[in-house]
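The values are calculated or read from the model by the stated rules, or taken from the named source; none is laboratory data. Predicted, not measured: the structure shown is a model, and the values here were computed from it. FYI the Cβ positions are ideal-geometry reconstructions off the backbone, even for glycines, and counts take in every protein chain you see. Just so you know, the surface numbers come from the protein's heavy atoms only, side chains and all, with ligands and any DNA or RNA stripped out. Shrake-Rupley method; radii C 1.70, N 1.55, O 1.52, S 1.80 Å.
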Amino acid sequence: LVGNTTSASGTLGASSLTGQTGSVGSTTLLTGTTATAGMYRLSFYMKTTTAGTAGTVKATAAWNDGSAQTMDIPLMTTGGAATTVALNTLNAFGQGSVVVYAAASQNITYTTTVTGATGSPQYYIYVRIEKL
């Protein structure tokens, strides 16, 4: 799950969570070291695998570029641009990427937030991080 920049450019960390029924707490994609300062691309793909009767899920990235930053991930969906995926529609999905700058010795993490879910929906989320 965790990578560092002592390796060559490419995927540093990855998270693949399936069968999710609620919010996901802070998940580390990059463990900061003194060598980790730089630009990173975070790519997200979320999909509803069991439709409920209501609810949405969103992903939020967190990093530190000299001060703490967070951003809800902008997603492209079949319905256009959004920050959430509907949990009441089977196979609803969203995908998006953001570029962040991390200061030295700072972690990069993400969370998901489920809001208003009823009817036992499930989703998956796949996340990758790359050093640019």
Within region 44-79, residues more than 22 Å from Asn107 (Cβ to Cβ) and either open to solvent by less than 20 Å² (accessible area, probe 1.4 Å) or among the aliphatic types (A, V, I, L, M) (or both) come out as Thr48, Ala51, Gly52, Ala54, Gly55, Val57, Leu75, Met76
Reported set for region 88-113 where residues are open to solvent by 30 Å² or more (accessible area, probe 1.4 Å) and either charged (D, E, K, R) or closer than 15 Å to Ile73 by Cβ (or both) is Phe93, Gln95, Ser97, Val99, Thr111, Thr113
The lone condition Thr84 fails out of (1) under 16 Å from Ala117 (Cα atoms); (2) within 10 Å of the chain's Cα centre (by Cα); (3) not aromatic (Phe, Trp, Tyr) is (2)
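Looking only at region 120-132, which residues are buried (at least 17 other Cβ atoms within 10 Å of the Cβ) and either part of a strand (DSSP E or B) or of a type in the set (Asp, Glu) (or both)?
Let us first name the residues in region 120-132 that are buried (at least 17 other Cβ atoms within 10 Å of the Cβ), namely 121-123, 125, 127-131.
The answer is Gln122, Tyr123, Ile125, Val127, Arg128, Ile129, Glu130, Lys131.
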